[in-house]
Every structure is written in C-alpha cells, then in structure tokens.
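The values are calculated or read from the model by the stated rules, or taken from the named source; none is laboratory data. What you see is a predicted model, and the numbers here were worked out from it, not measured in a lab. For neighbour counting, all protein chains shown are included, and Cβ atoms are generated from backbone atoms with ideal geometry for every residue, glycine included. In case anyone asks, the SASA skips ligands and DNA or RNA and just uses the protein heavy atoms, side chains included. Shrake-Rupley method; radii C 1.70, N 1.55, O 1.52, S 1.80 Å.
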Amino acid sequence: MAEESAGIDALSAENRRFAPPEDFKRDALVVGTFMYDEANEDFHEFWAGQASDLVSWSRQWSAICEWELPYAKWFVGAQLNVAYNCLDRHVEAGIGDRVAIYWEGEPGDTRTITYAQLLDETKRFASVLQGLGVGVGDRVNIYLPMIPEAAVAMLACARIGAAHSVVFGGFSAQSLSDRINDAEAKVLITADGGWRRGEVFPLKTAADEALATTPTIEHVVVVRRGGNDVTMVDGRDHWYHELMEHASDDCPAEPFDSEQLLFLLYTSGTTGKPKGIMHTTGGYLTHVAFTHKYVFDLHADTDVYWCTADIGWITGHSYIVYGPLANGATQVMYEGVPNFPANDRMWDIVEKYKVSIFYTAPTAIRTYMKWGDQEPAKHDLTSLRLLGSVGEPINPEAWMWYREHIGGDRCPVVDTWWQTETGGIMISPLPGATTLKPGSATFPLPGISAEVVDDNAAHVEVGGGYLTLTQPWPGMLRGIWNDPQRYQDTYWSRFPGRYFAGDGAKLDDDGYLWLLGRVDDVMNVSGHRISTTEVESALVSHPAVAEAAVVGANDATTGQAIIAYVTLRTGFDADVKTLRDHVATEIGPIAKPKAIFFTPELPKTRSGKIMRRLLRDVAEGRNLGDTTTLADATVVDELQTRAAQAPPED
Ligand code: WTA
C-alpha cells in the first residue's frame, strides 16, 4: 500500500501478462524499443520527424515547438491544409479508388465511399459553405447522426479554414443552443432525423427549438436522412441535396497556418458551463495520424478499421475522421445502436466487412459481457487482429473477456488513455512492442511524458497518485474558447508547471500505469483513499458480475462508506454477502462495500461514462441535481426506489 502522503492508495494486483504474439510481431510496425529510444533523445525532433513523415506541408516550420506555459504552438510558421491531407493527397497518390468509408445504416442500408468520392463531396460542400458566407476563422455548428455527411461537413470546414463545433446528436436543444451561442456560429448543419433503435429520432425539431435563441446563425443546412417531416424556414433553411446539386467542385485546398483553429469541442464536465476545448491543425494532425498508425499498427492497404464512437465525441474526431483519413485507412462507420435488430449487430458487422481493427469503450464491452458469450460466438470474427479500448478504466476481467470472446485469444488489446483536451492518445501500449497486463494502459507513448505525483507534487515511483503531463505534446488543447482564466485554473493550477488531467493513477513495481478514474470519485474510508475503479474491478472479477459502479457515501463512523451498484450477467446470480466477501479476498477487507444494490442498468452519460455523482446523491438520499446529461433518466428513478426500500447491509 502507498504511503500516507500519496494521493490515492493502490490496492489491487494483477499478475497476468501477454507478450506480443510472434505472428503479430512479424508484420508489426514497431517491435522493440527503438521508437521510445529515439523520442527520449529529443522529443521535439521526434515529433518533427513524425510531422515530416505523416503530414504534407505547404510550408516548412521555422520552430518545432514554442512553449510558454501553459500555451504551446507546434510547427510554428508552417502551413498545411487538413482536408488536403485527408483526401486530395491520397487521390494524387493513385489510391482514389480505395474505400474510405463502408457506411452501414441502422436499418441495414449501406454506402461505400471511396477517397475520390469523399474528396468530390467535400469540395462541393466546401463551395456550398463559402456560398453561404462562411469564411476563414468562422465557426460552423454540426448536429448530425452518424452519417457520412458528418465527416464531409467537418472536412469541408477544414478545407476552407473555418472551425467546426460538433454537438452530439443525442444532446438536447438547450445544449445545442448553449454551444452555438458560446461559439457564435454562423451556420448550423443538421438533418431531418436519424435512425436509432429501429425508429427515426427527429433532429431538426430540436435544432429548430435551439435556433429560437441563437442570433448568430444565418443559415441552416439540412441533410435528408430520417425522411420525417420537418419545417423549413424560407431563406434560412436549405436542403443539403438541393445545395449540392448546383455546387461547384472547384474549391482548391488553400494552405493555412499550423495554429489555425480546426475545431471547438465542448466537454460537459460534471459542473458548470461546458468548456469549448480548442484544437488547431498542424500539431493535432501529426498527433492523431501518428497515434492512429502506430497504436493500431495500421496497414492501410489491408486493414479494415472500425471505431464505434460517435462523431460528436473527441474519439470520433480523432479516430474516425482525422487520424484514419490522414492515414488513408479503410473504415466502417455505423449509424445505430449495438442491439438493433439483435444483440449481435456489432459482430454481424465485423464479419460482414472483415474488420481487422476494432476500437470501442469499456462500457460497451461490459454490456456485451452482460448479453452473454453466445452473441459473438454466432459470428466468424477471425478477421480481427487488434482490439482497442478508450473512455474509462477497463476492468481486468472485462479486458480478459474482450480478448477471449472478441479477440479469440489471439488479438492484442490496447487500452488507450487520453482526453478531449489531449486531442489524441497519450498512454497506450504499442501492440508489437509492449507486454500487456489486463487493465493497464501500460506506458506513455513515445514523445509523451507523464508522471504520477502525490498531494505535494512529489514524484511517485510506485503506488497511487495524480496523473500529470510534464511536457507539451502536439495535439494538446490550445485553450478554452473565450476563457483563458478557466484554462489556467482547470488544468495548470493544481500542480504548478504541470498539466493535471483530473485522473488518478498508480504505478506498479514494473512501472506500468493503471488509471484509477477521476480523482473527484476517490473515496476516503477510515483515512484510506480508495479508488472507485479498483473496487469496481474487484466486483467485475466475480463471474456473475457484468458491471459495477462504486461511490463513497457519507458515513458517521468511517468518513465515507463504500456503496456499490451491480449489474449481473444474463443467466447468473449472486448475493450481497458473496460479493462483499469476494471484494475482501480480491483487495482486502477495507474495500468491502457497506451496501450493494443490484440494478439492471447503471446511470451513464451519453458517451457511456458511469455517473458516480448521481449515484452519490442517491446513496446519500439527496435530491438529484442536473440529470440532463444522462443517457437514460429512468435508471436513476429505479435506483432511488430501490435505495429507499433496501436497508444497507451492515
Ligand atoms: C477517462 C475520451 C482510463 C479519463 C478520449 C479521462 C480513461 C476521460 C481512459 C476523458 C482509459 C479515457 N483508461 N480512463 N483508457 N480513456 N478515460 O474527454 O477519466 O471524453 O480523463 O475523452 O475519460 O474523457 P473524454
């Protein structure tokens, strides 16, 4: 256990190890330590090498990185066009016929889009935007389902030097109007509706409601997808297909400065108004192209890659749009939910397109576990050769299940830690080079420097603490839109000179990093600071448990008491005593939950992160605050009823 002064105690131990398989290593892009060695010598030069190798520039930089804490500029003075990098240059290189996107609509309709076609569509839509008055530096809001036009809209903005601000299609009218107003966007791109769980959900209606309070919007472009009725306002609203009919494809990709704003992406956080995270072009593109290529060991001419994120999240920006397209990858894009028409939809798609690289979130993996082993077993998944995870700490047992039931015990699993703010992956294995431990994101990537520190900012060698980043990286956020003070306060004030991500982490004896969740979630039980992640992983390691959420609720005796909410796997059963004892055996009696409640679902944000703040409110019998970011609000009502009925265990 860590010293008292360390931020968080490290309790659990994991001894399983998986070295890169020999046949994976044979074709892997990185084997051994050469890339780490090179980056350690000079990280600026390392990134400059990647920038030259992976990105096409119109003008060379005069300095690799200018760092005036907390602001970094990368590839200073250089110029490039991001859309050119994602499209034109592939067509020029003769791979215009390569499939960029295999798109699968939820009802089963499909579209296959080559790089040449994606370029043509993007050029024409870029002309459309220019025709609507969008110029360099303007902001464009995008509120679309998972359809190819979402990527086209983003790339069209990039092509003409406008910044996009994508708002997840599941967000409410209020969230949309807040974000439009903060960004002062000129144009909104939306759709009539999209498919979800077998039905059309209306988007234009929500957009109309938002538009009542967004004075800066001059034009609205509406993509026809749902076929549902919409109201079009004369002069303001235009159908995408009508504008595109007459659009010119003469829209050259002008070079822009490496620090030109590429996009804003709002993170909601648990409190306060959303922050408009700013990302620029040259450094960001270098970072996402590099990580997409090497973390996923991309062989662009043979791999079929699939990232299941929504384009409205940073994962969709970096690892559906910019990274894969910059690398000329072929990818699958899916519109709908994983259980329509049945619980094996994802595996059906993997088999259909022969997906070789699959990137998803722990929350999804635990859901597949809950649905049962028989679902993936219905399909031939032998095309897969690499699996990835992002979004939350992955419990070792979920990692093992993913490896075994999806990866056929053959695919490396890369757990990738990063954030909207970091722009791209920061901590992750390189699958041909790193020996994996289930549940560990392993090491910072070459060119990235992370350190765990304690409450007093002292370096932690072994044990738990706070994860900090100690040197600038190319994809880092350039600030918070219109709020430099908040940028300083949020990320740079807790540990002077360091970027503090808000996550707890521990280092084991071998120097592997284990993410412990948000530090706001850390519990204090009789003076021990215990991470919710470790107790959750202990619960999930019981064969009957698919998913668990753990919170610390006020307790007169121990300061906080551990309260657990548990979802069982279909067809399994377990009682409270068994699970409490199991936790005691796995990590020690101190971590034994005081009470365990069983629930069919856990409250989650729309991007799938467990909302522990709400569960704490439930556990402490408080009125619930803002629940608008919940994916399914009925889950919480259900839990409140149960909490009221079942007295906590001793
Ligand atoms: C969490 C998603 C553990 C973490 C790319 C981070 C993770 C927040 C991991 C960012 C991981 C993301 N292991 N935790 N592999 N990946 N997180 O901005 O708490 O939606 O700070 O970016 O997700 O979430 P965001």
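Top to bottom by accessible area (1.4 Å), largest first, where do 127, 58, 428 land?
58, 127, 428
Students often check this: by mean Cβ neighbours within 10 Å, which of 249-255, 609-615 ranks highest, and how do the rest follow? Before the final figure, lay out the partial values.
On the way: 249-255: 15.3, 609-615: 22.7.
So the order, starting with the most tightly packed, is 609-615, 249-255.
Under the definition of Cα pairs under 8 Å and six or more residues apart, what whole-number percent is the relative contact order of the chain?
On the way: 1463 pairs, mean separation 91.0, N = 650.
Normalised by residue count, the contact order of the chain is 14 percent.
Under the classification rounded if a/c is under 1.5, otherwise prolate if a/b is larger than b/c and oblate if not, where does the range 354-412 fall, given a ≥ b ≥ c as square roots of the Cα gyration tensor eigenvalues? Kindly include the intermediate steps, with their values, before the conclusion.
Numbers: a/c = 1.73, a/b = 1.22, b/c = 1.41.
Oblate, because a/c is 1.5 or more while a/b does not exceed b/c.
Can you compute the label reach from residue 56? Point 7 Å from Cα along the Cβ direction, backbone N cut-off under 15 Å, restricted to the range 74-109.
79-98
Based on alpha-carbon positions alone, could you give the equivalent ellipsoid semi-axes of the range 542-645 from the gyration tensor, as √(5λ), descending, whole Å? Can you show the working numbers first?
On the way: eigenvalues 96, 63, 27 Å².
Over the Cα atoms of the range 542-645, the ellipsoid semi-axes are 22, 18, 12 Å.
Report for the chain the percent antiparallel among DSSP-assigned beta bridges with both residues inside it, nearest 5. Can you show the working numbers first?
Numbers: 60 of 99 bridges.
That works out to approximately 60 percent antiparallel.
Of the listed peptides 563-573, 70-80, 24-34, 183-193, what is their order by residue-averaged count of other C-beta atoms within 10 Å, with the highest listed first?
Working: 563-573: 19.1, 70-80: 21.3, 24-34: 14.8, 183-193: 24.4.
Top to bottom by mean Cβ count within 10 Å: 183-193, 70-80, 563-573, 24-34.
Using the Cα centre of the chain as origin and beta-carbon charges of +1 (Lys, Arg) and -1 (Asp, Glu), tell me which of 176, 512, 299 is placed farthest towards the positive end of the dipole.
176
Å³ per residue of the Cα convex hull, for the range 356-478?
Working: hull volume 15.0 nm³, N = 123.
Given the Cα convex hull of the range 356-478, per-residue volume reads 122 Å³.
May I ask you to give the percent of accessible area on the range 448-528 that is carbon plus sulfur, with a probe radius of 1.4 Å?
Values: 1310 of 2910 Å².
Using a 1.4 Å probe with all protein chains present, the range 448-528 comes out at 45 percent carbon and sulfur.
Rounded to the nearest percent, how much of the accessible area of the range 542-645 (1.4 Å probe, protein heavy atoms only) is carbon and sulfur?
Details: 2280 of 4610 Å².
Accessible surface attributable to carbon and sulfur in the range 542-645 totals 49 percent.
Any idea of the accessible area per residue across the chain, 1.4 Å probe, to the nearest Å²?
Details: 23450 Å² over 650 residues.
Per residue, the chain has 36 Å² of solvent-accessible surface.
Can you give me the three principal axis dimensions of the range 138-210 from its C-alpha atoms, in Å, biggest first?
Principal-axis extents of the range 138-210 (Cα, largest first): 37, 25, 14 Å.
With each run of n ≥ 4 DSSP H residues scored as -39500 (n - 2.57), what mean residue ellipticity at 222 nm is computed for the chain after dividing by its residue count and rounding to the nearest 500 deg cm²/dmol? Let's see the in-between values first.
On the way: 20 runs with 176 residues, N = 650.
Rounded to the nearest 500, it is -7500 deg cm²/dmol.
As a test of reading the structure, rank 512, 305 by solvent-accessible area (1.4 Å probe, protein chains only), most first.
Numbers: 512 20, 305 0 Å².
Output order, biggest surface exposure first: 512, 305.
Just the number, please: percent antiparallel of the DSSP beta bridges in the range 542-645, rounded to the nearest 5. Don't skip to the end; give the middle numbers.
Numbers: 12 of 16 bridges.
For the range 542-645, the DSSP antiparallel bridge percentage is about 75.
Holding the Cα-Cα limit at 28 Å, pick out from 506/594; 293/354; 25/370; 273/609 the pairs that are longer than that.
25/370
Looking at the range 241-357, send over the antiparallel percent of its DSSP beta bridges, to the nearest 5.
Values: 6 of 10 bridges.
If we restrict to bridges inside the range 241-357, about 60 percent are antiparallel.
What shape does the range 1-154 have by the C-alpha gyration tensor, where a ≥ b ≥ c are the square roots of the eigenvalues, rounded means a/c under 1.5, and otherwise prolate means a/b greater than b/c and oblate the rest? List each step's numbers first, then the result.
Numbers: a/c = 1.70, a/b = 1.43, b/c = 1.19.
Prolate, because a/c is 1.5 or more and a/b exceeds b/c.
By the scheme Lys and Arg +1, Asp and Glu -1, what is the net charge of all other residues having a beta-carbon under 13 Å from that of residue 61? All intermediate terms of the calculation are to be shown ahead of the outcome.
On the way: positive: 59, 73; negative: 45, 66, 257, 259.
Result for the neighbourhood of residue 61: -2.
Tell me the label-point distance for the pair residue 213, residue 637, using the 7 Å Cα-to-Cβ offset, in nm and rounded to one decimal.
2.4
Taking R0 as 25 Å, what FRET efficiency do you get between residue 25 and residue 383 from their Cβ-Cβ distance, rounded to the nearest 0.05?
On the way: r = 19 Å, r/R0 = 0.77.
Efficiency at R0 = 25 Å is approximately 0.85.
Taking only Cα atoms of the chain, what ratio of Rg to Rh do you get with Rh as the Kirkwood inverse-distance radius?
Working: Rg = 23.9 Å, Rh = 25.2 Å.
That ratio equals 0.95.
Using packing as a proxy for protection, rank 431-440, 478-487 so that the peptide with the highest average count of other Cβ atoms within 10 Å comes first.
Result, highest mean first: 431-440, 478-487.
Using a probe of 1.4 angstrom, how much of the accessible area of the range 232-326 is carbon and sulfur, in percent? Kindly include the intermediate steps, with their values, before the conclusion.
Details: 1500 of 3020 Å².
The nonpolar share, carbon plus sulfur, comes to 50 percent.
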